[in-house]
Each structure stands twice: as C-alpha cells, then as structure tokens.
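**Q** Encoded as structure tokens, here's the structure I'll be asking about.
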Amino acid sequence: MEVNYKRRANKNFMVLSVSEEISPFLYQIRMLEENPIKGLLKFTYQPKEQHAEYYYEISSKQPLKRIVEYKGFGQNELRNLLIGLSTLVKGLENYLLDGNGLLLEAEHIYLAPADTSMYFCYVPGIFTDFSESIRQLFQFFLNKMDYQNKEQVALMYRLYQETMKENYHIEDLLLCFGSQVKKEEQQEWKQEEKKENDEGQDNKKQAKIISYSGWKNWIKEHIFEKKENFDQKEKIDYLKTYALKEENTYQPYSQERSSTEDVHTILMQSSLVQQTKGIRLQSCMTHITSDILVEHFPFVIGQSQEGVDYTIPHPAISRFHICIDKDGDAYQVTDLNSTNGSKLNQQVLITNEKTVLREGDCLELAGLEFIVYFI
C-alpha cells in the first residue's frame, strides 16, 4: 500500500493506493461511501487500471503521530481514543464490517483540534489483525511517553500487559483506567461488570498498582532491550530514577495539568538540545503580524493559542498551519494540512511533505508573506 497526499480545491487528502483485487470488496466500498459512520474518515473511491485509490479528506485535522511527538498524549486522550475505537467497531458491525480493515498506525489516525474528535481510516481490500494493531499502537505510545510520570508509566504497563492476553476486549483496556465510562459513550457496556463497579465489588477487575521494582523489571524488558541507543550508564541512571521514593522531586500526574505546560516542557527540553542558531521570518505584512524568530525545533506556527510555538491571530491561518524543523544544517518546512495552504517561492507546499528552506526564500502562509533569513 502506497500513501500520498494531495490538495484539491482548498481540501487536503490522504491518498492510499491498494494493489489488491478490489472486486470482492465492492460491497464494503458502497456501504462506507453511502453510510457515514461516526469516527471514520470520509473517503471516495477511484478505480485505476492496476490498482485502486482511496481519497480520505483530512482538512483541518492533524495525525496522531504529530500530536504525540509535539504535544504529548495523556491519560484522558488515551481513554478517549479507546472509547472512540470501541464505538466505531460497534458501528462497523451494524454494516457487517469489522475492525480488521482499520489502519491503526499513529500516522493514519487523525484528530480534529477544534473538538479533539478522533478519526480512523478504514481501507476496503486489506486485512489487518485488529488486536495486533492495537498492541502495536500501544507499543508506539510506550516509546513516546514521559517516563518520569510514574502514574502514566503504571497505566501504560497495565494497558500493554492487557493487550498481551488472548481474546482481550477494548472494554478490558478501559477498565485499566479505574473509572467508569459514561453510558452514552459506551452503549453496550457489559452490564455485569458495570454493576460490579457500582457496588465496589470489582476488585479482580481493577488493575493492581505495581511496585517500583516491577517498573524497573518492565522498563528493562520492554524499553532498554528495544532501544539500541541506550548505553549502560544511561540504563543504570534510568533504573536509579525509578528506584527513588515518593518524597523525592517527582510531581504526581494531575488531570488538571494544562496542555500549555506540556508544550513549555517540550520547548525547554528542545532548547537544551538545539543551538540558538535559527532563522528569522521577516513579515511583509507588518500590519497583520510581526517578524517571527525561530530558535528551537520543531517550531509550529498557527492560529491556535495552545500547542503552537507562535500564534498568528488571522482567520485565514489554520490552527496548526506549518512546522519548521532542522535536519543537520538544513532547515525544513512542512504544511500541516492547512485549509488555505502554504507556498514557498510561489510553489504550493504538498501536505505533510518536508521542503528545504533557503535564505532569501519567500514563504507564504494563506496569503501572508515572509522572507527567510538565517541568523
């Protein structure tokens, strides 16, 4: 399967090319095109001579992978993802479909920043092991999570261990959060388990709190052995960190922690790694926005007040419009599914594709022009 991105009439599309024989799956295509299912990306089907193309509209949405890497992904977001998946699978069953056609890689799951809704990609003609796909998705989260957050480590441990069981259900994963899912979000929640939770008799269903030594063993098995770039000293320091007592400097996880705090943490960590050398975007329209100084990477520009590094309060700018990054000595710009697009020297930037920035380039964001200068 090949993945490309295209822009048509101010709309962005993720285009999946499938080489498998499609005729046995025309039923699925018709069902999905004619019956909108909550939580699925809308798509159109275009047959070709030797393959099929599916166009999924992703305008104003951001891939989960990008959100996790730039902003992080907390317990509430994980819980909402599982609720969305559970609801989606039940919706698919109404049309004689199942979860084995879903792509659950983080780059193919999209979020709408406006209301944090999650959208999944169903591809007629492919078969994915739904349970294995969820397991691999949680492996992705394991590699990206904040290991200094002890409560999050414990939760991820419980979730990952649950996915290793045979014939597990999404409802079993939701029980790991230790809180009840609202009835309207889980219409077919198992009544017996719900009753046990209400009466406080669900001890065997509640995940046990693991000890610090349990964390150390788990981290050694699942993290260190999977990351070749950890040297021996880093491993020892890491295990010492988790051996600390609660009276040390760790702050417990709080659901009230703001997303801006997470962003600031990322930016501070980034600034420690990156040099101060960067670029200046000189505004050609100073009555709308001033010059933008880019000194840490990645650097996201958009209209949003949270989750970006520089806010342009202009209606034509998308919440997350572009990202500027650095690869060695080269600076790169990526359009982040913006509604009104981006241009570099009058050439339209293809969504999600990196383009090298050079000094003197003219960068245009929805009609707002900037000149690129290296500093």
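The values are calculated or read from the model by the stated rules, or taken from the named source; none is laboratory data. As the structure is a computational prediction, the values presented were derived from the model and not from experiment. Here the Cβ is made from the backbone with ideal geometry for all residues, glycine too, and neighbour counts use every protein chain on show.
**Q** When you look at Leu85, is it closer than 30 Å to Ile317 by Cα, within 17 Å of the chain's Cα centre (by Cα) and at pLDDT 90 or above, yes or no? Working first, answer last.
**A** On the way: closer than 30 Å to Ile317 by Cα: no; within 17 Å of the chain's Cα centre (by Cα): yes; at pLDDT 90 or above: yes.
No; evaluated as a whole, the condition is false for this residue.
**Q** Test each condition in (1) under 30 Å from Gly367 (Cβ atoms); (2) touching a strand residue (DSSP E or B) at 6+ places or on another chain (Cβ under 8 Å); (3) aliphatic (A, V, I, L, M) for Ile22 and report the one that comes out false.
**A** The single condition Ile22 does not satisfy is (1).
**Q** Going through the range 136-170 one residue at a time, which ones are within 18 Å of Ser86 (Cα to Cα), in a helix (DSSP H, G or I) and either in contact with a strand residue (DSSP E or B) (Cβ under 6 Å, 6 or more places away or on another chain) or not hydrophobic (A, V, I, L, M, F, W, C) (or both)?
**A** Across the range 136-170, the qualifying residues are Gln136, Tyr160, Glu162, Thr163.
**Q** If you don't mind, there's one more thing I want to ask. Filter the range 118-133 for residues that are at pLDDT 90 or above and hydrophobic (A, V, I, L, M, F, W, C); which is farthest from Phe13 (Cα to Cα)?
**A** Applying the filter and picking the extreme gives Phe130.
**Q** Is it true that Asn352 is under 14 Å from Ile301 (Cα atoms), at pLDDT below 95, of a type outside the set (D, E, K, R) and touching a Phe, Trp or Tyr at 6+ places or on another chain (Cβ under 8 Å)? Even if it seems obvious, please write down each step before you answer.
**A** Working: under 14 Å from Ile301 (Cα atoms): no; at pLDDT below 95: yes; of a type outside the set (D, E, K, R): yes; touching a Phe, Trp or Tyr at 6+ places or on another chain (Cβ under 8 Å): yes.
Considered against the rule, which asks whether it is under 14 Å from Ile301 (Cα atoms), at pLDDT below 95, of a type outside the set (D, E, K, R) and touching a Phe, Trp or Tyr at 6+ places or on another chain (Cβ under 8 Å), Asn352 comes out as no.
**Q** Just a yes or no: is a residue in the range 282-303 more than 19 Å from Lys65 (Cβ to Cβ), out of contact with any Ser or Thr (no Cβ under 7 Å at 6 or more places or on another chain), in a loop (DSSP other than H, G, I, E, B) and without any contact (Cβ under 8 Å) to a residue 12 or more places away in the chain?
**A** Yes, some residue in the range 282-303 is more than 19 Å from Lys65 (Cβ to Cβ), out of contact with any Ser or Thr (no Cβ under 7 Å at 6 or more places or on another chain), in a loop (DSSP other than H, G, I, E, B) and without any contact (Cβ under 8 Å) to a residue 12 or more places away in the chain.
**Q** Have a look at Ser133, Ser59, Ser86 and point out the one that is among the hydroxyl-bearing types (Ser, Thr, Tyr), without any contact (Cβ under 8 Å) to a residue 40 or more places away in the chain and either touching a strand residue (DSSP E or B) at 6+ places or on another chain (Cβ under 9 Å) or within 19 Å of His169 (Cβ to Cβ) (or both). Lay out the reasoning, then the answer.
**A** Details: Ser59 fails: without any contact (Cβ under 8 Å) to a residue 40 or more places away in the chain; Ser86 fails: without any contact (Cβ under 8 Å) to a residue 40 or more places away in the chain.
Unique residue meeting the criteria: Ser133.
**Q** Sticking with this one: Which of the residues belonging to the range 355-375 are crowded, with 16+ Cβ neighbours inside 10 Å, touching a residue at least 24 places away in the same chain (Cβ under 8 Å) and assigned to a loop (DSSP other than H, G, I, E, B)? Explain how you work it out, then say what you get.
**A** Restricting attention to the range 355-375, the residues satisfying the condition of being crowded, with 16+ Cβ neighbours inside 10 Å are 355, 357, 361, 363-366, 368, 370, 372.
Narrowing further to those that are touching a residue at least 24 places away in the same chain (Cβ under 8 Å): 357, 363, 365-366, 368, 370, 372.
The answer is Ala366, and nothing else.
**Q** Could you check how many residues of the range 8-21 are not in a strand (DSSP E or B) and not charged (D, E, K, R)? Full working, then the answer.
**A** Kept after step one, since they are not in a strand (DSSP E or B), are these residues of the range 8-21: 9-10, 19-21.
Retained after the next criterion (residues that are not charged (D, E, K, R)): 9-10, 19.
Count: 3.
**Q** Please work out which residue is nearest to the chain's Cα centre (by Cα), limiting yourself to the range 340-354 and to residues that are in a strand (DSSP E or B) and under 25 Å from Ile375 (Cβ atoms).
**A** We begin by selecting, within the range 340-354, every residue in a strand (DSSP E or B); these are 342-344, 347-348, 351.
Okay, now just the ones that are also under 25 Å from Ile375 (Cβ atoms), so 342-344, 347.
Values: Ser342: 22, Lys343: 25, Leu344: 27, Gln347: 28 Å.
Only one residue fits best here, namely Ser342.
**Q** Looking only at the range 134-156, decide whether some residue is under 30 Å from Gln50 (Cα atoms) and at pLDDT 90 or above. Give the steps one after another, and end with the answer.
**A** At the first step, the residues of the range 134-156 found to be under 30 Å from Gln50 (Cα atoms) are none.
No, that holds for no residue.
**Q** Continuing with this model, one more query. Those residues that are touching a residue at least 60 places away in the same chain (Cβ under 8 Å) and either more than 26 Å from the chain's Cα centre (by Cα) or at positive phi (or both), I need them from the range 36-55; list them, please.
**A** Gly39, Ala52
**Q** Filter the range 295-339 down to residues that are within 16 Å of Glu369 (Cβ to Cβ) and of a type in the set (A, V, I, L, M, F, W, C) and give me whichever is surrounded by the most Cβ atoms within 10 Å (Cβ to Cβ).
**A** Within the range 295-339, the match that is surrounded by the most Cβ atoms within 10 Å (Cβ to Cβ) is Ile301.
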